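I have placed the structure first, in the form of structure tokens, so that the comments after it can refer back to it.
The values are calculated or read from the model by the stated rules, or taken from the named source; none is laboratory data. All values derive from a computational prediction rather than experimental measurement. Methodologically, a virtual Cβ is constructed for each residue, glycine included, from the backbone with ideal geometry; neighbour enumeration extends over all protein chains shown.
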Amino acid sequence: MIKRLCLTNHDFVAISEKIQRFHRYNPLLSQYKIRFSDETILKEIENFIKLLKIDKNNAKETAQHISELFIEYTIPFAILIEDLEIIKDYLIRNVCTEEDESEDVVDFFNALKNYAGYFFLKHDVEHFEAVESGHFKEKLLYSIHNKWQHWLIDAIKNENMEEFPLTDGDSCPFLFALDYPESKMICHELNICDYLKKTHHKLHELAITFAYLFIRQHYKSAYIVFYQIKEYNEKLLNLVSILYFNAQINRHQTFKNYLYHQTFHQNKLYVAIFDIFSMKEINKLHTPKVGDKVIELVGETLNSVYLENQGSMVYTKGISGDFYILFENCSLESIKKIEHAFDETLKKMLAKSPHLPKFIVKKAFLKLDEPLIIEKDEMAVIFSYLKKKLKENGTVQYLISSDEQKKMTEWVNDYYWQITKLKEAMEKGKVEIFLQPISYMERIDRTYAFEVLARIEENGNFIPAGAFIDLFIEMKMVSKLDFLVLDRILYHSEMIRSITGKLFINVSASTLLDSNYIDKLIEAIRGPLIGTEIIVELTEQELLESLGLIIRLNQEHGIIFAIDDFGTGYSSLQTVIQLAEEGVIRYLKIDGSLTQSFENSLSTQRILKIISEMSQSLNLETIIEFVETENQCYELATYNIDYGQGYHLGKPQSIPELEKRTKANLYSI
């Protein structure tokens, strides 16, 4: 049946009012930034109705016209479906006079909706943009799934689902790759392997459902499933990117944590160090840039060997010119083959770089038969031991006997004896504090607060915290440091009150467990520091490990917390939301590594945007660290970050220096 509907002006007004009411109260239209006025689209829909013919054979052409209209105005598919439903219902109730007419209208509009799904689907795949991930797109988990998503898109474009491999989640290479050492390492750190697997399986289930619907030309349902695929796909790839990003900026520690974990769960482990011999001499005789090129070349060589052996090894770059490697379920013969492949590849790469100086890479391999009798944070000492062994003799050493592990343990004990001088400095209380300003990002000349930074005095000099904090952690003396810092704050309390009314202090979670420290802190806040707001900084890891303690301290004593180094983790997001809603935390201090990488990294920019938007929705204030340049200030201001901290905004200074400057500024007004 082909029939042009006879509608009166009253009908057009009635339909327009129904659609207008639906548009006005539909949350989707406020969620999507629609680029048209309500009157404009209603006029277009009115013209569409006037020209409408009830002709099922012409449904595809009609659907194309209305779909292109809605796509042009970036209106969601769900709105189009609802608008068509409103028109159909009105026609059946107010225009159709016979039952057959009503059936024809129902069939026609069902066909319209179905073909609309087809045209929306075609538009989406033609304009599909893969989730960008910078250099992480070369990583195994990302590249496997990236290939899968492009298979799907190409199959839809060509309307040939035979091009797309319809495998279940268990048969996908992605799942096998999750059991590779690199994948286990990045997942173990954030403890979300199961979530990755569930998301991956869900994607495969949706893809199979989509293929079934698409092949049978159920385009409306297929498009709805495709939309779900896009959402899960973005979740998976963003999560994988965040995992790799987190492991990359924290890779050294992530590697050590994973190594410690594996010593308790794997029977056959080897650790190795590949050390560029005499990096200091290379930098002296040439330039640091040449030294960097040497390190880069060795890194590329190791990476090329790693790519061929991802199922059995994982590695990380050390401090300077060395690389740490872990081998799992790998025989000694296989390891020797990998070492040989490294040497051969390095020769070829050096032949292509004649401008580089000659150098050798020394290698030491240590077999681990039993769990190491050392603490989790002491894992780096293993590689210090291996480096020391390389200095003694040879370019390659295989330390595979049980005696070697005993020698290594003895050496670790001796190593810690050598740092007793640092302990003596602590016992004598040679700790001073400096203050670094935290400035408004919109007005960097205005100071919002100060952070307390610990310094160790040695021969009249003050050593920054970064030079000794790891040793304090290893020596279990962080709490001692926290007490000494609080003592210095109290000593300078009168000057501090003249400088600022807001002070950020770093306190370890272990110290907060000490009731003596809490009593001293509360007494200080209510006494010498009265009028000065104290904000306690904790890292994300400490936050997760001490959740109950933090909430109790807030409820009982009103202590406000800031999360330090935020943005390098993922698993704490739900906890952040909970603590923000309860008023326990007020600030997010964004990790400085994001500042250092955001100008050249789309992934980092995306993470900063997410953090900023999340903070605003939770009424949290944001502070970004390591602001070192004017350009960083300008760019970061566009992310609506509240405050900044870094050398460009102000260097740490002693309290007497700051008090003099504060008084000088007051007198100059």
Give the range 283-342 a look and list any residue that's surrounded by 14 or more Cβ atoms within 10 Å (Cβ to Cβ) and of a type in the set (Ser, Thr, Tyr), or say none.
301, 304, 306, 312, 315, 316, 324, 334
What number of residues in the range 269-281 are outside any strand (DSSP E or B) and either at pLDDT 90 or above or more than 20 Å from residue 388 (Cβ to Cβ) (or both)?
0
Just give me the residues in the range 200-225 being in contact with a helix residue (DSSP H, G or I) (Cβ under 8 Å, 6 or more places away or on another chain), surrounded by fewer than 19 Cβ atoms within 10 Å (Cβ to Cβ) and either within 19 Å of residue 108 (Cα to Cα) or among the polar types (S, T, N, Q) (or both), in sequence order.
209, 217, 218, 221
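Per-residue answers, yes or no, for (1) more than 30 Å from residue 485 (Cα to Cα); (2) outside the structural domain of residue 195 (by TED's automatic domain parsing); (3) at pLDDT below 90:
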residue: 521; (1), (2), (3): no, yes, no
residue: 528; (1), (2), (3): no, yes, no
residue: 534; (1), (2), (3): no, yes, no
residue: 539; (1), (2), (3): no, yes, yes
residue: 570; (1), (2), (3): yes, yes, yes
residue: 581; (1), (2), (3): yes, yes, yes
residue: 599; (1), (2), (3): yes, yes, yes
residue: 608; (1), (2), (3): yes, yes, yes
residue: 634; (1), (2), (3): yes, yes, yes
Among the residues in the range 248-263, are any more than 17 Å from the chain's Cα centre (by Cα) and part of a loop (DSSP other than H, G, I, E, B)?
yes
Taking helices (runs of 4 or more DSSP H) that do not extend beyond the range 120-224, which have at least 3 residues that are among the hydroxyl-bearing types (Ser, Thr, Tyr)?
193-215
Going through the range 45-55 one residue at a time, which ones are surrounded by 15 or more Cβ atoms within 10 Å (Cβ to Cβ) and either hydrophobic (A, V, I, L, M, F, W, C) or part of a helix (DSSP H, G or I) (or both)?
45, 46, 48, 49, 52, 54
Of the residues 305, 314, which is touching a Leu at 6+ places or on another chain (Cβ under 8 Å), over 17 Å from residue 385 (Cβ atoms) and among the aliphatic types (A, V, I, L, M)?
314
Please pick out the residue among 544, 549, 553, 594 that is part of a helix (DSSP H, G or I), surrounded by fewer than 23 Cβ atoms within 10 Å (Cβ to Cβ) and in contact with a Ser or Thr (Cβ under 8 Å, 6 or more places away or on another chain).
544
Give the residues of the range 140-168 that are within 25 Å of the chain's Cα centre (by Cα) and either closer than 25 Å to residue 249 by Cα or surrounded by fewer than 20 Cβ atoms within 10 Å (Cβ to Cβ) (or both), sorted by residue number.
140, 141, 142, 143, 144, 145, 146, 147, 150
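Listed here are the residues, each with its yes/no results for (1) buried (at least 19 other Cβ atoms within 10 Å of the Cβ); (2) at pLDDT 70 or above; (3) under 29 Å from residue 539 (Cβ atoms); (4) touching a Ser or Thr at 6+ places or on another chain (Cβ under 7 Å).
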site: 402; (1), (2), (3), (4): no, yes, no, no
site: 406; (1), (2), (3), (4): no, yes, no, no
site: 411; (1), (2), (3), (4): no, yes, no, no
site: 424; (1), (2), (3), (4): no, yes, yes, no
site: 433; (1), (2), (3), (4): yes, yes, yes, no
site: 437; (1), (2), (3), (4): yes, yes, yes, yes
site: 441; (1), (2), (3), (4): yes, yes, yes, no
site: 455; (1), (2), (3), (4): yes, yes, yes, no
site: 462; (1), (2), (3), (4): no, yes, yes, no
Look at residue 166 and say whether it is within 28 Å of residue 217 (Cα to Cα), of a type outside the set (S, T, N, Q) and in contact (Cβ under 8 Å) with a residue 12 or more places away in the chain.
yes
What's the number of the condition residue 252 fails, among (1) closer than 16 Å to residue 184 by Cα; (2) surrounded by fewer than 18 Cβ atoms within 10 Å (Cβ to Cβ); (3) touching a helix residue (DSSP H, G or I) at 6+ places or on another chain (Cβ under 7 Å)?
(3)
Among the numbered criteria (1) at pLDDT 90 or above; (2) in a helix (DSSP H, G or I); (3) buried (at least 18 other Cβ atoms within 10 Å of the Cβ), which single criterion is violated by residue 505?
(2)
